[in-house]
1. Take every Cα-Cα pair in segment 38-161 and report what % of them are more than 24 Å apart.
2. Taking the full set of protein chains and a 1.4 angstrom probe, give the accessible area of K160 in square angstrom, rounded to the nearest 10.
3. Given contacts defined as C-alpha pairs under 8 Å and at least six residues apart, what's the relative contact order of segment 41-161, whole-number percent?
4. Over segment 41-154, with the other protein chains present, what is the accessible area per residue in square angstrom, probe 1.4 angstrom?
5. How much of the accessible area of segment 84-126, in percent, comes from carbon and sulfur atoms when a 1.4 Å probe is used?
6. Could you work out the Rg to Rh ratio of segment 82-125, with Rh taken as the Kirkwood radius (inverse of the mean 1/r over all Cα pairs)?
7. So what is the relative contact order of segment 39-94, in percent, for Cα pairs below 8 Å that sit 6 or more residues apart?
8. So which GluC sites (Glu not before Pro) in segment 90-161 end up in coil per DSSP with only 10 or fewer other C-beta atoms within 10 Å?
Amino acid sequence: MMLFRTQLFKRPLSLCARYKSNVSSLTPLPGLDLSHERLRRAVFYVPCSDERKILKSHTSRADCIMFDLEDGVSFNRKSHARSLVLQALAESPAGERGVRINALASGLGLDDLATIVQSTQLDVIMVPKVESAQDVHDVVRVIEEAKKEVRVIAGIETAKG
């Protein structure tokens, strides 16, 4: 079965869907309430190190603006991007606002988390390169300690994850 990038923004297939013959024929498992789930038809990734692109994102009509601290930011600009992310979240127009943090294994992810949980406008955190359930548990622990209600999207990018 092929996984498409858009499936990263849905619950894992094993939790909410049954595979029949192709991706278009996924059906929810009986008794699973998905009414609280948010449909993301378009997610607009914005490198958080580029102020011009952050301002341009304010005109986007995407369902979710995802400020990127990971691959969209070169290593030497990571701290600069982290300093801009709170302002970017605060000034972003209504709609779902999220941040893709650095992978926890990189050593930068927890610093990203410590910064972004300060925001009152944060709706979703994208955790890339998840390799185990512990990665997600670590993120959830930080969110709970900050007493926030934030959705978490686990990006499974390798066979190990």
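The values are calculated or read from the model by the stated rules, or taken from the named source; none is laboratory data. Note that the structure is predicted; figures quoted are calculated from it, not measured. Here the Cβ is made from the backbone with ideal geometry for all residues, glycine too, and neighbour counts use every protein chain on show. Note: accessible area is taken over every heavy atom of the protein model, side chains too, but ligands, DNA and RNA are not part of it. Shrake-Rupley method; radii C 1.70, N 1.55, O 1.52, S 1.80 Å.
1. 20 percent
2. 150 Å²
3. With pairs under 8 Å counted, the relative contact order is 21 percent.
4. Per residue, segment 41-154 has 50 Å² of solvent-accessible surface.
5. 50 percent
6. 0.97
7. 40 percent
8. Here the sparse-neighbourhood loop sites are E149.
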